[in-house]
Amino acid sequence: MAHLTENHADKERFICIYPIYVNSKKTLAEGRRIPTEKAVENPSCAEIRDVLTAAGMNVYVENKMHPREWNRDVQFRGRVRVQVKQEDGSLCQDKFSSRKEVMFYAAEMIPKLKTRTQKSGAGDTSSQQGEGGKKSKKKKK
(Lines give C-alpha, C1' and ligand atoms only; values in the text may rest on other atoms or scores of the structure.)
Protein backbone atom coordinates (compact mmCIF):
# COMPACT_ATOMS: atom_id res chain seq x y z
CA MET A 1 0.00 0.00 0.00
CA ALA A 2 1.42 3.36 -1.01
CA HIS A 3 1.61 6.23 1.45
CA LEU A 4 -1.27 8.66 1.17
CA THR A 5 1.01 11.70 1.23
CA GLU A 6 4.60 12.48 0.35
CA ASN A 7 4.94 15.06 3.15
CA HIS A 8 7.11 13.64 5.96
CA ALA A 9 5.52 16.00 8.51
CA ASP A 10 2.05 14.44 8.11
CA LYS A 11 1.02 12.32 11.08
CA GLU A 12 0.34 9.35 8.81
CA ARG A 13 4.05 9.31 7.92
CA PHE A 14 5.29 9.19 11.54
CA ILE A 15 6.84 5.86 12.56
CA CYS A 16 4.86 3.58 14.88
CA ILE A 17 6.28 2.09 18.06
CA TYR A 18 4.25 -0.40 20.05
CA PRO A 19 5.38 -1.22 23.62
CA ILE A 20 5.65 -4.88 22.56
CA TYR A 21 8.61 -3.91 20.29
CA VAL A 22 10.83 -3.14 23.31
CA ASN A 23 9.35 -5.60 25.85
CA SER A 24 11.94 -8.04 27.23
CA LYS A 25 9.18 -10.44 28.31
CA LYS A 26 8.17 -11.07 24.68
CA THR A 27 9.86 -13.32 22.14
CA LEU A 28 10.69 -12.35 18.57
CA ALA A 29 7.70 -14.39 17.43
CA GLU A 30 5.46 -12.44 19.82
CA GLY A 31 6.58 -9.12 18.33
CA ARG A 32 9.77 -7.96 20.08
CA ARG A 33 12.09 -6.19 17.64
CA ILE A 34 15.25 -5.51 19.65
CA PRO A 35 17.61 -7.89 21.52
CA THR A 36 16.45 -9.05 24.97
CA GLU A 37 19.55 -7.58 26.65
CA LYS A 38 18.59 -4.09 25.48
CA ALA A 39 14.83 -4.46 25.97
CA VAL A 40 12.77 -3.28 28.97
CA GLU A 41 10.42 -5.30 31.17
CA ASN A 42 6.78 -4.43 30.36
CA PRO A 43 7.08 -0.85 29.06
CA SER A 44 3.94 1.26 28.68
CA CYS A 45 2.95 3.70 25.97
CA ALA A 46 3.10 6.56 28.45
CA GLU A 47 6.71 5.70 29.35
CA ILE A 48 7.76 5.59 25.69
CA ARG A 49 5.96 8.89 25.06
CA ASP A 50 7.60 10.56 28.09
CA VAL A 51 11.12 9.44 27.13
CA LEU A 52 10.82 10.52 23.48
CA THR A 53 9.14 13.82 24.37
CA ALA A 54 12.01 14.57 26.78
CA ALA A 55 14.42 13.88 23.91
CA GLY A 56 12.69 16.61 21.88
CA MET A 57 10.80 14.40 19.46
CA ASN A 58 7.36 15.19 18.04
CA VAL A 59 5.23 12.39 19.54
CA TYR A 60 1.57 11.44 19.95
CA VAL A 61 -0.23 8.35 21.27
CA GLU A 62 -3.00 6.40 19.54
CA ASN A 63 -5.40 3.98 21.22
CA LYS A 64 -4.41 0.95 19.13
CA MET A 65 -3.40 -2.65 19.87
CA HIS A 66 -0.57 -4.67 18.36
CA PRO A 67 -2.03 -7.64 16.44
CA ARG A 68 0.13 -10.19 18.30
CA GLU A 69 -0.74 -8.81 21.75
CA TRP A 70 -3.18 -11.31 23.24
CA ASN A 71 -3.63 -9.42 26.52
CA ARG A 72 -6.36 -6.79 26.08
CA ASP A 73 -5.49 -5.05 29.36
CA VAL A 74 -5.19 -1.24 29.39
CA GLN A 75 -1.52 -1.53 30.36
CA PHE A 76 -0.68 -3.12 26.98
CA ARG A 77 -2.89 -0.82 24.90
CA GLY A 78 -1.51 2.01 22.81
CA ARG A 79 0.79 2.92 19.98
CA VAL A 80 3.26 5.80 19.88
CA ARG A 81 3.77 7.74 16.65
CA VAL A 82 7.10 9.54 16.31
CA GLN A 83 8.21 12.07 13.70
CA VAL A 84 11.68 11.13 12.47
CA LYS A 85 11.82 13.28 9.31
CA GLN A 86 10.87 16.89 8.63
CA GLU A 87 8.81 18.16 5.68
CA ASP A 88 11.82 18.38 3.38
CA GLY A 89 12.91 14.80 4.21
CA SER A 90 15.79 15.76 6.50
CA LEU A 91 16.09 14.15 9.93
CA CYS A 92 14.49 15.89 12.92
CA GLN A 93 17.44 14.82 15.08
CA ASP A 94 20.71 13.35 13.89
CA LYS A 95 20.85 10.72 16.64
CA PHE A 96 17.56 9.18 15.42
CA SER A 97 18.14 8.21 11.81
CA SER A 98 16.07 5.00 11.90
CA ARG A 99 13.19 3.28 13.65
CA LYS A 100 15.63 0.92 15.43
CA GLU A 101 17.61 3.80 16.91
CA VAL A 102 14.42 5.30 18.35
CA MET A 103 13.50 1.91 19.88
CA PHE A 104 17.00 1.42 21.34
CA TYR A 105 16.92 4.92 22.86
CA ALA A 106 13.47 4.37 24.41
CA ALA A 107 14.51 1.00 25.86
CA GLU A 108 17.68 2.54 27.29
CA MET A 109 15.95 5.52 28.92
CA ILE A 110 12.75 3.93 30.33
CA PRO A 111 14.51 2.24 33.30
CA LYS A 112 15.92 5.66 34.26
CA LEU A 113 12.46 7.24 34.62
CA LYS A 114 11.53 8.41 38.12
CA THR A 115 8.39 6.26 38.12
CA ARG A 116 10.51 3.14 37.52
CA THR A 117 13.19 3.94 40.10
CA GLN A 118 10.77 5.05 42.84
CA LYS A 119 8.44 2.06 42.50
CA SER A 120 11.20 -0.49 43.03
CA GLY A 121 12.73 1.30 46.03
CA ALA A 122 9.51 2.21 47.85
CA GLY A 123 7.78 -1.11 47.16
CA ASP A 124 10.52 -3.21 48.75
CA THR A 125 10.73 -1.22 51.99
CA SER A 126 6.96 -1.04 52.57
CA SER A 127 6.43 -4.77 51.98
CA GLN A 128 9.27 -5.67 54.34
CA GLN A 129 7.94 -3.40 57.07
CA GLY A 130 4.42 -4.80 56.67
CA GLU A 131 5.60 -8.39 56.98
CA GLY A 132 7.71 -7.56 60.03
CA GLY A 133 4.74 -5.99 61.78
CA LYS A 134 2.53 -9.01 61.19
CA LYS A 135 5.12 -11.44 62.50
CA SER A 136 5.61 -9.51 65.74
CA LYS A 137 1.85 -9.43 66.40
CA LYS A 138 1.64 -13.21 66.02
CA LYS A 139 4.39 -13.69 68.59
CA LYS A 140 2.61 -11.48 71.15
CA LYS A 141 -0.57 -13.56 71.03
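The values are calculated or read from the model by the stated rules, or taken from the named source; none is laboratory data. Just so you know, these numbers come straight off a predicted model, no measurement behind them. FYI the Cβ positions are ideal-geometry reconstructions off the backbone, even for glycines, and counts take in every protein chain you see. Please note that ligands, DNA and RNA were not included when accessible areas were found on the heavy atoms of the full protein model with its side chains. Shrake-Rupley method; radii C 1.70, N 1.55, O 1.52, S 1.80 Å.
Summary of computed values
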read-out	value
Candidate set from the stretch 78-94 (those that are in contact with a Leu (Cβ under 8 Å, 6 or more places away or on another chain) and of a type in the set (A, V, I, L, M)); member that is most open to solvent (accessible area, probe 1.4 Å)	VAL84
Selection within the stretch 1-29 - at pLDDT 70 or above, part of a loop (DSSP other than H, G, I, E, B) and open to solvent by 30 Å² or more (accessible area, probe 1.4 Å)	GLU6, ASN7, ASP10, SER24, LYS25, THR27, LEU28, ALA29
Sole residue being more than 13 Å from the chain's Cα centre (by Cα), modelled with pLDDT under 80 and farther than 23 Å from PRO43 by Cα, chosen from LYS119, LYS141, LYS85	LYS141
Yes/no for ASN42 being closer than 29 Å to LYS11 by Cβ, polar (S, T, N, Q), surrounded by fewer than 17 Cβ atoms within 10 Å (Cβ to Cβ) and modelled with pLDDT under 85	no
Hits in the stretch 21-36 - residues which are over 23 Å from ARG81 (Cβ atoms) and among the β-branched types (Val, Ile, Thr)	THR27, THR36
Pairs where the first residue, in the stretch 88-116, is touching a residue at least 24 places away in the same chain (Cβ under 8 Å) and the second is assigned to a loop (DSSP other than H, G, I, E, B) and open to solvent by 60 Å² or more (accessible area, probe 1.4 Å), C-beta under 6 Å, 6+ apart	CYS92/GLN86
Residue check, VAL61 modelled with pLDDT of 80 or more, open to solvent by less than 40 Å² (accessible area, probe 1.4 Å), under 16 Å from VAL22 (Cβ atoms) and of a type in the set (A, V, I, L, M)	no
Number of positions in the stretch 30-77 that are under 10 Å from the mean Cα position of the chain (by Cα) and among the small types (Gly, Ala, Ser)	3
Unmet requirement for GLN75, which otherwise passes all of (1) of a type outside the set (Lys, Arg); (2) surrounded by fewer than 15 Cβ atoms within 10 Å (Cβ to Cβ); (3) in a loop (DSSP other than H, G, I, E, B)	(3)
